[in-house]
1. Could you work out the equivalent-ellipsoid semi-axes for the range 99-148, taking the square root of 5 times each eigenvalue of the Cα gyration tensor, largest first, in whole Å?
2. Might you tell me the accessible area per residue for the chain, computed with a 1.4 Å probe and given in Å²?
3. Please state the relative contact order of the range 1-141 as a whole percent: Cα pairs under 8 Å, 6+ residues apart?
4. Please sort 67-74, 42-49, 94-101 by packing, taking for each peptide the average over its residues of neighbouring beta carbons within 10 angstrom, highest first.
5. I want to check a number: in the range 1-137, how many lysine pairs have alpha carbons closer than 19 Å, given a sequence separation of 8 or more or different chains?
6. With springs connecting C-alpha atoms under 10 Å apart, model the chain as a Gaussian network and identify which of 36, 59, 110 has the largest mean-square fluctuation.
7. Would you mind classifying the range 1-55 by shape? Square roots of the alpha carbon gyration tensor eigenvalues, ordered a ≥ b ≥ c; an a/c under 1.5 is rounded, otherwise it is prolate if a/b is larger than b/c and oblate if not.
8. In debye, nearest 20, what is the charge dipole magnitude of the range 89-139 about its Cα centre with +1 on Lys and Arg Cβ and -1 on Asp and Glu Cβ, if you could check?
Amino acid sequence: MPNPIKRNEALKPLSRDHHHGLLLCWKIRQGIKRNIEPERIKKYLDWFWMSYLKPHFEIEEQYVFPILGNENELVKQALAEHRRLRRLFENEGELSKTNSLIEEELEMHIRFEERVLFVEIESAATAEQLLQIKENHYNNEFQENLTDIFWK
């Protein structure tokens, strides 16, 4: 198992968001394995998207990605993945397939940001840029939605 990545203080809240995103992927896998109705999983996904993931994407796109610039290949990849994930979360059709795609693509996206993109951003960011990220993170402490714990 690889050593945990030492993350700059300014990016730690975003990494905590990523942790909750990985847990979301696990919850989707559990729901699928337990044959939970796709509509129940989708309802939770809608809540997670609006409460956490959409604001997270906005912070990254406004304050984190510009550090490397929109022409940077890693940033282009992250932005393309954000667009794809947005479409998946907002898709109301073929829920079984969509839920499964969200699980796969979100996990890959988070691993890419944590292992590749954030490493580059940390090495390129100025103290001012890191401070701006820290000041603009919504500090939305994760509050689990216990309305339907389909993964248990």
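The values are calculated or read from the model by the stated rules, or taken from the named source; none is laboratory data. Because the structure is predicted, anything quoted here is derived from the model rather than measured. Glycine gets a Cβ as well: all are built from the backbone with ideal geometry, and neighbour counts include every protein chain shown. Ligands, DNA and RNA are stripped out before the accessible areas are found, and what is left, the full protein with its side chains, is counted by its heavy atoms. Shrake-Rupley method; radii C 1.70, N 1.55, O 1.52, S 1.80 Å.
1. 27, 19, 6
2. 57 Å²
3. Averaging sequence separation for qualifying contacts and normalising by length gives 43 percent for the range 1-141.
4. The peptides rank, most packed first, as 42-49, 94-101, 67-74.
5. Total qualifying Lys-Lys pairs in the range 1-137 comes to 16.
6. 36
7. oblate
8. The dipole of the range 89-139 has a size of about 160 debye.
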